[in-house]
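Read the figures in this text as sums done on the coordinates, not as results from a lab. Everything quoted here is computed from the prediction, not taken from an experiment. Here the Cβ positions follow ideal geometry from the backbone for every residue, glycine too, while neighbour counts run over all protein chains shown.
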Amino acid sequence: MSKTFVDIGVSLDGFMAGENRSPKNPLGDQGPAIHNWMFVQKAFWDVHDMEGKGEKEDNDGDLVRKVFARTGAWIMGKRMFEEGEPNWPEGMFKAPVYVLTHEKREPWVQKNNCTFYFINDGIESALKKAKVAAGSKDIRISGGADCIRQYLEAGHIDEITLHIAPLLIGGGIRLFDGVDKTKLNFNIINTIHSPAATHITYAVTRQ
């Protein structure tokens, strides 16, 4: 049975993005440093069809490959899409992407089975479409924070993996701000340590 999951990097002080986010400053000040554990991996560049980059090939890289292999569809918020649109290489998601937005826009078709669909009628509609597209694979709720929180609050997240980077950002966007802690339970199902990050996977259930 397919799952709906979150796989996201956070700083040690709980931020998933820094301050001053914009398309010219994706993830905000110091935000990209949260993902340094991933950027040094050969696997990260390989899955984005940029072979020959990345000097490491270890367990952290295996995590990158597994996430892309399991994902049959993606859901993201408008702000994440707006930051990524001018910066992402074509076809990087290798699966359909459903963007939550009020903007009415025709699907943006790219290579590698990557088409962006712009969903104007809410999170339930996006999830329903993503499940059909994913088939037996999983659906990744990609971000930003508001998008993830909406799906958490609605009880649609089965699993969360946090890649905790050993750095302090000090300001920006925290993943769990505003989430009703009385509605959710988190149980650790896997922990992987590396010199660059700690990777913790939680099963999510509603109280």
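Summary table
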{"read-out": "Nearest-0.05 FRET efficiency for residue 198 and residue 19, computed from C-beta distance (R0 25 Å)", "value": "0.55"}
{"read-out": "Angstrom value of the Kirkwood radius, inverse mean 1/r, which spans all Cα pairs in segment 19-102", "value": "14.0 Å"}
{"read-out": "Equivalent-ellipsoid semi-axes of segment 52-143, from the Cα gyration tensor, Å, largest first", "value": "24, 16, 11"}
{"read-out": "25 °C / 0.890 mPa s Stokes-Einstein diffusion coefficient of the chain, Kirkwood radius on C-alpha pairs, µm²/s", "value": "141 µm²/s"}
{"read-out": "Given charges at beta-carbon only (K, R positive; D, E negative), |dipole| of the chain in Debye", "value": "540 debye"}
{"read-out": "Paramagnetic label zone (point 7 Å from Cα along Cα-to-C-beta, residue 146; backbone N under 16 Å) in segment 166-207", "value": "172-179"}
{"read-out": "Inter-probe distance in nm under a simple model that places probes 7 Å from Cα toward Cβ, at residue 88 and residue 51", "value": "2.3 nm"}
{"read-out": "Centroid-to-centroid separation of segment 171-207 and segment 28-74 [C-alpha atoms, Å]", "value": "20 Å"}
{"read-out": "The chain - share of DSSP beta bridges that are antiparallel (%, nearest 5)", "value": "45 percent"}
{"read-out": "Subset of 53/128; 78/131; 3/183; 131/181 violating a 30 Å alpha-carbon distance limit", "value": "53/128"}
{"read-out": "For segment 129-207, the Rg and Dmax computed from alpha carbons only, in angstrom", "value": "14.0, 40"}
{"read-out": "Among 64, 99, 109, residue whose mean-square fluctuation peaks in a GNM of the chain (springs only between Cα atoms under 10 Å)", "value": "109"}
{"read-out": "Estimated 222 nm signal from helices in the chain, with DSSP H stretches of n ≥ 4 weighted -39500 (n - 2.57), rounded to 500", "value": "-6500 deg cm²/dmol"}
{"read-out": "Options 115, 188, 43, ranked by Cα towards positive dipole end of the chain, top entry (Cβ charges)", "value": "115"}
{"read-out": "Leading residue at positive end of dipole, the chain (Cβ point charges), from 69, 198, 130", "value": "130"}
{"read-out": "Contour minus Cα-Cα distance for residue 111 and residue 12 (0.36 nm per residue)", "value": "32.0 nm"}
